[in-house]
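Below: one structure, written as structure tokens.
Quick note: the coordinates plus some simple rules give every number you see, no bench work behind them. The model shown is predicted, which means the values in this text are computed figures rather than measured ones. So basically every Cβ, Gly included, is an ideal-geometry build from the backbone, and we count neighbours across all protein chains shown.
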Amino acid sequence: MQSIEGMVAIVQEGRFQLLDDDGVGHFFVLGYHAAMEPEQLPSLLRRRVRVRFSDPPDVIGHCAHRLLLLDAS
């Protein structure tokens, strides 16, 4: 499983965009088995996180399986 770190820039329902350290945006869909509900995603807006993800063939973007908050603010 792959992982990436960055800042959550956009949140909408079960989807979010992460900006990596180079400023590149990555689109994610929250996976069904993730330990987070879509209603919890807005609390991560403008926060630094690490996302573990996969690239399923039937999804445009990445499927987020785990999100870990990296900043303490």
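Values as computed for the structure displayed
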quantity: Residues within the stretch 50-73 that are more than 14 Å from the chain's Cα centre (by Cα) and of a type in the set (Asp, Glu), tallied; calculated: 2
quantity: The stretch 1-24, residues that are over 21 Å from residue 58 (Cβ atoms) and either assigned to a strand (DSSP E or B) or hydrophobic (A, V, I, L, M, F, W, C) (or both); calculated: 3, 5, 6, 7, 8, 9, 10, 11, 19, 24
quantity: Subset of the stretch 25-58 [in a loop (DSSP other than H, G, I, E, B) and either within 15 Å of residue 1 (Cβ to Cβ) or among the hydroxyl-bearing types (Ser, Thr, Tyr) (or both)]; calculated: 31, 32, 33, 34, 35, 55, 56
